[in-house]
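K.L.:
Input: one structure, supplied below.
What follows is calculated from the coordinates using simple rules that are stated; it is not laboratory data. Remember, predicted model here, so these are calculated numbers, not experimental data. Neighbour counts run over all protein chains shown; Cβ positions are idealised from the backbone, glycine included.
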Amino acid sequence: MKKIVFIALLFTSLLFGQTKVMTHEVYFETDEFEVPPTEHYRLLLFLSEIEGMDIKKVSIYGFTDDRGSDDYNLVLSQNRANSIKTIFSNNEFDESIITNVDGKGKILLKLIKEQDVHKIRGLNRKVEIIVQPYDPPRTPKIEEKPTVEEIIKGELKAGDKFTLDNILFKTGYSKLLPESKPVLENIAKALLERKDIYFTIQGHVCCTQFSRDAIDRKTKKRNLSVARAKYIYDYLAKKGISKKRMKYVGMRRKFPLGGEPKYDRRVEILVTYVGDSN
């Protein structure tokens, strides 16, 4: 019998080891579905852990304690699950990978010690988040196309628009990732040579609801697309490009590309005028 139990445990361990499922729980106050500040902070830390993963699906399940009617608890647990989904969206996580957002109602109280009742109920007022990544991660397709430097040095006219490829921001932040700075430096050099180009820097975000902007996790303001555009604007200005040639604007999520959401987390340059370089 012991041998059978051991084999079963080993199989379960191997199964979960292969899928590398990650979980997180968010706890709520009695009768509330707004995420408490400390729990919001814990959730953002969890999002930072998973944001670089190639995620297959996310499941979000809301629960309540054993008090209240069944109908009330179902609504409350659903509202709790919805509040977590909103935080995922506000922080640029692709909603299409969130396959379940379900309120499960109450969890029956399991009494261990009478004095533990309040603590047990507190642990039952929660949302469970289950993240399943692709294992192994998928290999991204690489498309061959002209570099931004080549586009800048070529023929341009007012209305032309191009994406600053390989300019990557950390999810939820307006600060550029270190590996993107050499790319941006090359773009700055190309723009310095083309003094005849005037342009607008457009910042975009992915995954938010209702074409809204995403929240900048550093400032807590809902202006992430603006902040990213301004980051590029400030960088180019420091490299010697005249501010008279540049403007910046946040486009929120008004223009999704329709492909993988990560490509919506982008910065574009819109050429507004091409004059005499002399």
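K.L.:
Scan (1) surrounded by fewer than 15 Cβ atoms within 10 Å (Cβ to Cβ); (2) on the phi > 0 side of the Ramachandran plot; (3) not β-branched (Val, Ile, Thr) for the single condition SER96 breaks and write down its number.
P.N.:
Going through the list (1) surrounded by fewer than 15 Cβ atoms within 10 Å (Cβ to Cβ); (2) on the phi > 0 side of the Ramachandran plot; (3) not β-branched (Val, Ile, Thr), SER96 breaks only (2).
K.L.:
Taking VAL226 and the conditions (1) under 21 Å from ALA158 (Cα atoms); (2) free of Cβ contacts under 8 Å to residues at least 60 places away in the same chain; (3) buried (at least 19 other Cβ atoms within 10 Å of the Cβ); (4) not aromatic (Phe, Trp, Tyr), which numbered condition does it fall short on, given that it satisfies the others?
P.N.:
(1)
K.L.:
Has region 155-169 got at least one residue that is β-branched (Val, Ile, Thr), surrounded by 13 or more Cβ atoms within 10 Å (Cβ to Cβ) and free of Cβ contacts under 8 Å to residues at least 60 places away in the same chain? Talk me through it step by step, then tell me what you get.
P.N.:
Here is the first cut: in region 155-169, the ones β-branched (Val, Ile, Thr) are 163, 167.
Pick out the ones that are also surrounded by 13 or more Cβ atoms within 10 Å (Cβ to Cβ) and you get 163, 167.
Now narrow it down to the ones that are free of Cβ contacts under 8 Å to residues at least 60 places away in the same chain: none.
No: region 155-169 contains no residue that is β-branched (Val, Ile, Thr), surrounded by 13 or more Cβ atoms within 10 Å (Cβ to Cβ) and free of Cβ contacts under 8 Å to residues at least 60 places away in the same chain.
K.L.:
So which of VAL117, VAL127 is in contact (Cβ under 8 Å) with a residue 12 or more places away in the chain and farther than 21 Å from ARG217 by Cα?
P.N.:
Numbers: VAL117 fails: in contact (Cβ under 8 Å) with a residue 12 or more places away in the chain.
Being in contact (Cβ under 8 Å) with a residue 12 or more places away in the chain and farther than 21 Å from ARG217 by Cα holds for just one of VAL117, VAL127, which is VAL127.
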